[in-house]
1. Could you go through the stretch 93-112 and let me know if any residue there is buried (at least 20 other Cβ atoms within 10 Å of the Cβ), part of a loop (DSSP other than H, G, I, E, B), β-branched (V, I, T) and not assigned by TED's automatic domain parsing to the domain that holds D23.
2. Sort out which residues of the stretch 181-217 are surrounded by fewer than 23 Cβ atoms within 10 Å (Cβ to Cβ), assigned to a strand (DSSP E or B) and of a type outside the set (V, I, T), and write them in order of number.
3. Regarding H47, is this residue at pLDDT below 95 and either of a type outside the set (S, T, N, Q) or surrounded by fewer than 18 Cβ atoms within 10 Å (Cβ to Cβ) (or both)?
4. Pairs needed: first member in the stretch 1-19, on the phi < 0 side of the Ramachandran plot and assigned by TED's automatic domain parsing to the domain that holds V37; second member anywhere, of a type in the set (D, E, K, R) and not in a strand (DSSP E or B); C-beta distance under 6 Å; at least 6 residues apart or different chains.
5. Could you check D243 against (1) surrounded by fewer than 20 Cβ atoms within 10 Å (Cβ to Cβ); (2) on the phi > 0 side of the Ramachandran plot and say which number it fails?
6. What's the total number of residues in the stretch 240-261 that are touching a strand residue (DSSP E or B) at 6+ places or on another chain (Cβ under 6 Å) and closer than 14 Å to A285 by Cβ?
7. Only one residue in Q70, Q25 is among the polar types (S, T, N, Q), out of contact with any strand residue (DSSP E or B) (no Cβ under 6 Å at 6 or more places or on another chain) and not assigned by TED's automatic domain parsing to the domain that holds T177, so which one is that?
8. Just to check your reading of the model, which residue among E39, E52, E68 is surrounded by fewer than 17 Cβ atoms within 10 Å (Cβ to Cβ), in a loop (DSSP other than H, G, I, E, B) and free of Cβ contacts under 8 Å to residues at least 12 places away in the same chain?
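The values are calculated or read from the model by the stated rules, or taken from the named source; none is laboratory data. This structure is a prediction, so every number in the text was calculated from the model and none was measured. Cβ coordinates were reconstructed from backbone atoms using ideal geometry, including for glycine residues, and neighbour counts include every protein chain displayed.
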Amino acid sequence: MKFSKPYSLKELSAWLNREFLGDTQQVITGLNELHRVEEGDITFVDHPKYFERVLNSHATTIIINSKEVQCPEGKALIFSDDPFSDFNKIILEHRPVLSFTEMVSKKAEIGKGTIIQPGAFIGDFVKIGENCIIQPNVTIYPYTEIGNNVVIHSGSVIGADACYFQKKDGQYRKFNTCGKVVIDDDVEVGACCTIDAGVTSETKIGAGTKFDNHVQVGHDTVIGKNCLIGCHCSIAGVSDIEDNVVLWAKVAVNKDITLKSGVVLLATSGTDKSLEAGTYFGIPAAPVTKAWREKAALRMLPDLLQKMNLIDKK
């Protein structure tokens, strides 16, 4: 997320009431969590396991709970006993919870020829292009951006909060969402689909991609152009699905992986690893010919065991 105006390191540290190390005039232009951090961003880290990775990321400023680390050249540190809470404090300052009194916000931008059916909710700062169809009981959260010729079917929810929590002292703390969903032109989203907002950045659906019903897309996932996503697919957060990928029904895709252009995952498959172009099946997904040979061999196993038992008896 980019700030409406940049801050100096001195200004933001004073607002947080925290000590800092670095050039007082260093400019902070936005914030992001580690997966999507960019130059000019502030991010946070509160576990030694991730110190080196975050300190060497593109982030310009890091909120950290240790004064023992060495500050990389060109970066700045803000010292905090609870970086997670301070980061959330910045988020809520720039993205407070909004209250609504109407189904279609007057602050939304809706293009020529777009049809909003009764019962649909359109939040503040939503942008919808031309000739779209938003069917009844669709919910579109604030800041969502939708291109031209997009169809969203009944019951779908676009831009809900990311499922992102930190466990501390036996309880879960919510990481406040300040990202958004971006849907490009000519996309069709089936009924009862859910596309979560990026936690600090974007969840994106590429032009020409089509969803069946009951599809879940997690935060910060990027789906490319002309993909086909079958019913009941579940795609975890921060995954990259490139162009022309096909996921048939009930496919599960784990977080932080990439499906290269041309991947086809057959129905009921699941993967927790990145895949190159090709057709895959099974859990974990394997090249389809290998997976079918394995299943054929498995079906032979009872007969083989029976023969082995007969041999043992003889």
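1. Taking the stretch 93-112 as the starting set, the residues that turn out to be buried (at least 20 other Cβ atoms within 10 Å of the Cβ) are none.
Checked the stretch 93-112: no residue is buried (at least 20 other Cβ atoms within 10 Å of the Cβ), part of a loop (DSSP other than H, G, I, E, B), β-branched (V, I, T) and not assigned by TED's automatic domain parsing to the domain that holds D23.
2. E188, E202, K204, K210, Q216
3. Numbers: at pLDDT below 95: yes; either of a type outside the set (S, T, N, Q) or surrounded by fewer than 18 Cβ atoms within 10 Å (Cβ to Cβ) (or both): yes.
Spelling it out, H47 is indeed at pLDDT below 95 and either of a type outside the set (S, T, N, Q) or surrounded by fewer than 18 Cβ atoms within 10 Å (Cβ to Cβ) (or both).
4. Cβ pairs passing all conditions: L16/D86.
5. (2)
6. Initial filter on the stretch 240-261 (touching a strand residue (DSSP E or B) at 6+ places or on another chain (Cβ under 6 Å)): 240-241, 245-247, 251-253, 258-259.
Pick out the ones that are also closer than 14 Å to A285 by Cβ and you get 241, 245-247, 251-253, 258-259.
Residues flagged as touching a strand residue (DSSP E or B) at 6+ places or on another chain (Cβ under 6 Å) and closer than 14 Å to A285 by Cβ within the stretch 240-261 amount to 9.
7. Numbers: Q25 fails: out of contact with any strand residue (DSSP E or B) (no Cβ under 6 Å at 6 or more places or on another chain).
None of the other options fit; the residue is Q70.
8. Values: E39 fails: free of Cβ contacts under 8 Å to residues at least 12 places away in the same chain; E52 fails: in a loop (DSSP other than H, G, I, E, B).
Testing whether each residue is surrounded by fewer than 17 Cβ atoms within 10 Å (Cβ to Cβ), in a loop (DSSP other than H, G, I, E, B) and free of Cβ contacts under 8 Å to residues at least 12 places away in the same chain leaves just E68.
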